[in-house]
Amino acid sequence: MNISSENELEDVLSQPGKADVRALAALEGDLLILGVAGKMGPSLARRAVRACERAGVRKRVIGVARFSDPAVERQLREWGVETIAADLLEPGALARLPDAPNVVHMAARKFGSTGNEGLTWAMNTFLPGLVAERYRDSRIVAFSSGNVYPLTAVSGEGPTESSPTAPVGEYAQSVLGRERIFEYYSRRYGTPVALLRLNYAIDLRYGVLLDIGRKVFERRPVDLRMGYANVIWQGDANSACLRSFPLCQSPPTVLNVTGPETVSVRRAAVRFADCFGTQPEFEGAESETALLSNAARCRELFGEPAVSVEQMIEWTANWIATGGPTWNKPTHFEVRDGKF
């Protein structure tokens with residue numbers, strides 16, 4: 001099966017599994033998603049709505065964002081998500097939002113950090129403090145990033161949740177700052193929190209595999225400086241998010257969220273070339289280290305991802321070959337100095 005349209009893609013991304021349905025049925029109270037208009041937010045919100053419908057439970061799913069693209073807000077409303085337009089950094093914005101016992105914090109900034117570091121730190125550390133203060137009586141699942149880890153040997157198994165953090169660059173440092181702020185408020189107020197360190201969610205319109213596949217398709221050289229990566233289908237990452245509320249505790253639970261494979265960029269490029277009937281070109285060489293995470297605990301808790309790397313490559317190759325729309329947001333996964 002290939003995915004041939006954005007409507008079909010959105011349907012696949014937001015299709016809840018049985019575990020999602022059970023999780024939403026057991027979740028007490030409404031769900032508030034902060035930063036819902038980003039790359040992952042819309043499909044997460046829709047998955048939650050669909051899981052509630054299948055579970056036969058009445059629950060408000062509320063999405064908050066600036067909604068600089070009004071079409072995103074319209075689409076969310078059509079899917080049954082309540083929306084609130086707000087700039088969360090504006091004074092008083094959070095105070096005007098409704099109470100909710102369950103909060104997903106997705107509001108963050110990565111690309112464009114270099115040259116505008118102040119805004120990045122405000123979004124990634126100052127705003128989490130405001131959110132943690134406002135929703136100190138709620139359960140909070142907050143997205144973090146595997147960027148908090150140092151580059152590690154590709155011959156190893158990757159950092160676990162207990163491995164030392166050593167973020168490279170200001171973006172990654174601000175991400176660790178986000179975690180520390182949530183940790184501080186969690187300890188101060190006893191707020192139950194779960195921090196999800198995500199490595200490279202894959203949507204056919206963006207992601208590491210799209211970056212690699214497009215270069216192969218367009219006969220451009222694939223950069224091998226960061227020769228390995230972890231990836232996970234965005235639907236699987238969103239499923240992990242919705243199922244993480246029982247993990248919330250004080251001090252926070254930390255969970256690596258990514259796929260089980262250490263994906264070779266070279267091998268992925270060769271696989272794409274097979275799909276396109278061409279030959280890949282490369283530049284640079286693989287280093288002995290890469291940005292990697294060990295998500296064994298996530299798999300122990302939630303099982304194996306539903307979508308394999310091979311399936312993601314096949315879907316992505318077909319999407320590229322048939323001219324599927326993309327968001328033109330390169331991941332810059334090949335960056336090794338942390339400057340995004």
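Here's how it looks for ASP223: its modeled amide H is under 5 Å from those of GLU283, which are all 5 or more places away or on a different chain. Local charge for LEU94 was computed over the other residues whose Cβ lies under 15 Å away, with Lys and Arg +1 and Asp and Glu -1, and equals -1.
Given a cut-off of 30 Å, name the pairs among LYS39/LYS59; LYS18/LYS215; LYS18/LYS329; LYS59/LYS339; LYS39/LYS339 whose C-alpha atoms lie farther apart than that in the structure shown.
Pairs exceeding the cut-off: LYS18/LYS215; LYS18/LYS329; LYS59/LYS339.
Backbone amide hydrogens, once placed in the peptide plane, bring ARG197 within less than 5 Å of SER144, LEU255, ASN256, VAL257, excluding anything fewer than 5 places away on its chain.
Between the stretch 127-142 and the stretch 186-243, the C-alpha centres lie 24 angstrom from each other.
Annotation: GLU53 carries an accessible surface of approximately 130 Å², with a 1.4 Å probe and no ligand, DNA or RNA atoms counted.
Applying 1/(1 + (r/R0)^6) with r as the Cβ-Cβ distance of ARG74 and SER155 and R0 = 56 angstrom yields a FRET efficiency of 0.70.
Relative to the dominant Cα principal axis of the chain, helix 265-276 is inclined by about 70°. Ranked from largest to smallest solvent-accessible area, with a 1.4 Å probe on the protein heavy atoms, TYR189, TYR200, TYR206 come out as TYR189, TYR200, TYR206. Against the chain, whose longest principal axis comes from its Cα atoms, helix 169-189 is set at around 30 degrees. Across the stretch 53-169, the relative contact order, built from alpha-carbon pairs under 8 Å that are at least six residues apart, equals 20 percent.
Is the shape of the stretch 70-161 rounded, prolate or oblate, going by the alpha carbon gyration tensor and its root eigenvalues a ≥ b ≥ c, with a/c under 1.5 for rounded and a/b larger than b/c for prolate? Because a/c hits 1.5 or more and a/b exceeds b/c, the stretch 70-161 counts as prolate.
For trypsin sites (Lys or Arg not before Pro), no site in the stretch 151-260 is both called loop by DSSP and has at most 10 other Cβ atoms within 10 Å. Could you tell me which of rounded, prolate or oblate describes the stretch 4-67, using a ≥ b ≥ c as the square roots of the eigenvalues of the alpha-carbon gyration tensor, with rounded for a/c under 1.5 and, failing that, prolate when a/b is larger than b/c and oblate otherwise? Oblate. Relative contact order for the chain: what is it in percent, counting Cα pairs under 8 Å that are at least 6 residues apart? Dividing the mean separation by the residue count of the chain yields 20 percent.
Other residues with beta-carbon under 10 Å from the beta-carbon of GLU310 carry, at +1 per Lys or Arg and -1 per Asp or Glu, a net charge of -1. Judged by the ratio a/c of the largest to the smallest principal axis of the C-alpha gyration tensor, the stretch 238-310 counts as prolate, that ratio being 1.5 or greater while a/b is larger than b/c. Using 0.36 nm per residue and subtracting the Cα-Cα separation, the extra length available between ASP11 and ARG299 on full extension is 101.3 nm. Extension gain, ALA95 to LYS18, is 24.2 nm, computed as 0.36 nm per intervening residue step minus the present C-alpha separation.
The values are calculated or read from the model by the stated rules, or taken from the named source; none is laboratory data. Quick caveat, the model's predicted, so the values are computed rather than measured. All Cβ positions, even for glycine, are placed from backbone atoms using ideal geometry, and neighbour counts span all protein chains on display. Quick note on the areas: whole protein, heavy atoms, side chains included, nothing else; ligands and nucleic acids left out. Shrake-Rupley method; radii C 1.70, N 1.55, O 1.52, S 1.80 Å.
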